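Let me begin by presenting the structure, written as structure tokens, before commenting on it.
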Amino acid sequence: MKLIKSILILTFSLGLTMTSHSENIFPYEIKQYSLNNGLNLVVIPYNSPGVVAYYTIVRTGSRNEVEPGKTGFAHFFEHMMFRGTEKYSDVEYNRVLKLLGADSNAFTSLDLTAYHIVASADALETIIDIESDRFQNLKYSKEQFQTEAGAILGEYNKSAMNPFQILNEEMSKLAFNSHTYRHTTIGYLEDIKEMPNQYEYSLQFFDRYYRPEYCTVVIVGDVNFDKAKSLVDKYYGNWKRGSFIPNIPKEPEQKAERTLDAKAPHKTLPYLYVGYKVPEFNDLSKDIAALNVISRLLFAETSELYQKLVLDEKLVDFVSGSAPLNRDPSLFRIYGRIKKEGDIDKVKNSIYNAIDELKSNPVSPKKLNDVISNLKYSFIHGLDNPDDVASTVSYYVNLTNDPISLNRFYSTISNITPDDIQAAAKKYFGSESRNVVLLTSGGN
């Protein structure tokens, strides 16, 4: 991962204006603008004198890698985008950022690639200039491409011994037969090894997805909306819209439990990964909202299951559960690291019993309200600087192309009832939709 760091001393004065009776959870005004070429601009004025966060969200992740043998290219461009253009070479691009005292980075996930900068507000036009330039005019030689492809292989090998990389790779292949969630973001090892021979395909991938209709620019901080509109028009206005629409295969319905015993190539404590099939994100879906609440009810440190497995019986180092929000149907994820192999079934059964308890007995209204309040408080608490605000908004832009969806989603969560929780548990936590990967020692 390309990382540019320089010293930036920030002093923020948090200006929360939300009141307890506000209908929207997001406490700041969201201003939007769309260019004729399809590029979206989201501007959020925020009380951070002299500082802005600048995110470019490309709604392209490993989900978009639809051709066999071509996995890993979304993540690959997270690297290549720092290779420069004719106007700003890689050296000049880095020099400009250093002169600005900017903090810059990028990341890739299943559904998106994000590029972000935090810098002085008076450098906004320079930021827009250099960012718009590399998105429209990225240029790299075959030799540079092959060098970066080698770096990707190094990144893969560096993480190859990480139990979570093994777990996630095995679970992806176990749970998905057709959908591109079958491969992880970094891609299959055999495709990464072949990547140095895919220079022409890399040009095609960039031409498909680095287009204005796939992108949203999010600016948060000490920024004037009209000025931002004018600058974005000036620097992005000539960017040509593309036409490519990926044919992402649908995953067939799963009708029976799938299990896999995986072996780590090194000595390890047993890791358990249970994944239940759940739907794609919908900000109005009570099921999606309920699944998010369930992740806290069952797996927060205050939950009965956590108290039992981690604190009282000390069977696991940790146990966690999450309901990731994705653009297509994915997995409710449960992880645990078990201290003794002899306790694997006991831990597994404790998790299943906690889920069954939720199906059989409605959660108390007080407990549910406490969890929902905690969810909402945690969300607000995470909005304490321009970078985190931009990151949060970008997450929902990726999901729906509409930042306002976060308000709708938290409104849906606020109205979840014990009956909704019970219904979602019964609907999605059946054994027929369950996938289980157990990782233990003994591999080569």
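The values are calculated or read from the model by the stated rules, or taken from the named source; none is laboratory data. A quick note: this is a predicted structure, and the numbers were derived from the prediction, not measured. Virtual Cβ from ideal backbone geometry, glycine too; neighbours counted across all protein chains shown. In case anyone asks, the SASA skips ligands and DNA or RNA and just uses the protein heavy atoms, side chains included. Shrake-Rupley method; radii C 1.70, N 1.55, O 1.52, S 1.80 Å.
Mind listing whichever residues of the range 65-122 are part of a loop (DSSP other than H, G, I, E, B), open to solvent by 30 Å² or more (accessible area, probe 1.4 Å) and not β-branched (Val, Ile, Thr)?
Within the range 65-122, the subset part of a loop (DSSP other than H, G, I, E, B) is 65-72, 81-83, 85-88, 101-102, 109-112.
Then drop every residue that is not open to solvent by 30 Å² or more (accessible area, probe 1.4 Å), which leaves 66-70, 83, 86-88, 109-110.
Answer for the range 65-122, where residues must be part of a loop (DSSP other than H, G, I, E, B), open to solvent by 30 Å² or more (accessible area, probe 1.4 Å) and not β-branched (Val, Ile, Thr): Glu67, Pro68, Gly69, Lys70, Arg83, Glu86, Lys87, Tyr88, Ser109, Leu110.
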Could you grab me the full set of residues in the range 134-167 that are open to solvent by 50 Å² or more (accessible area, probe 1.4 Å) and polar (S, T, N, Q)? Gln136, Asn137, Gln144, Gln146, Thr147, Asn157, Asn162
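Just to be sure before I move on: is Arg208 open to solvent by 60 Å² or more (accessible area, probe 1.4 Å), over 27 Å from Val118 (Cα atoms) and out of contact with any Leu (no Cβ under 7 Å at 6 or more places or on another chain) in the structure I sent?
On the way: open to solvent by 60 Å² or more (accessible area, probe 1.4 Å): no; over 27 Å from Val118 (Cα atoms): yes; out of contact with any Leu (no Cβ under 7 Å at 6 or more places or on another chain): yes.
It is false that Arg208 is open to solvent by 60 Å² or more (accessible area, probe 1.4 Å), over 27 Å from Val118 (Cα atoms) and out of contact with any Leu (no Cβ under 7 Å at 6 or more places or on another chain).
Residue-by-condition table, conditions (1) part of a helix (DSSP H, G or I); (2) closer than 30 Å to Ser104 by Cα:
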| position | (1), (2) |
| --- | --- |
| Ala390 | yes, yes |
| Asp402 | no, yes |
| Ile413 | yes, no |
| Ile416 | no, no |
| Lys427 | yes, no |
Odd one out for Lys267, checked against (1) at pLDDT below 95; (2) open to solvent by less than 70 Å² (accessible area, probe 1.4 Å); (3) of a type in the set (Lys, Arg): (2)
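Results for (1) over 23 Å from the mean Cα position of the chain (by Cα); (2) open to solvent by less than 50 Å² (accessible area, probe 1.4 Å), shown as yes or no for each residue.
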{"residue": "Arg296", "(1), (2)": "no, no"}
{"residue": "Thr302", "(1), (2)": "yes, no"}
{"residue": "Lys308", "(1), (2)": "yes, no"}
{"residue": "Asp312", "(1), (2)": "yes, no"}
{"residue": "Val316", "(1), (2)": "yes, yes"}
{"residue": "Pro324", "(1), (2)": "no, yes"}
{"residue": "Asp328", "(1), (2)": "no, yes"}
{"residue": "Tyr335", "(1), (2)": "no, yes"}
{"residue": "Glu357", "(1), (2)": "yes, no"}
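Restricting the search to the range 123-133, which residues are of a type in the set (Asp, Glu) and open to solvent by less than 50 Å² (accessible area, probe 1.4 Å)?
First, the residues of the range 123-133 that are of a type in the set (Asp, Glu): 125, 129, 131, 133.
Within the range 123-133, Asp129, Glu131, Asp133 meet the criteria.
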Out of Gly221, Gly237, Gly242, sole residue that is within 25 Å of Phe82 (Cβ to Cβ) and buried (at least 18 other Cβ atoms within 10 Å of the Cβ): Gly221
Filtering the range 100-146 for residues that are out of contact with any strand residue (DSSP E or B) (no Cβ under 7 Å at 6 or more places or on another chain), closer than 20 Å to Tyr236 by Cα and among the β-branched types (Val, Ile, Thr) leaves a count of 3
Name the residue that is most open to solvent (accessible area, probe 1.4 Å), counting only residues in the range 379-409 that are more than 18 Å from the chain's Cα centre (by Cα) and under 28 Å from Lys366 (Cα atoms). His381
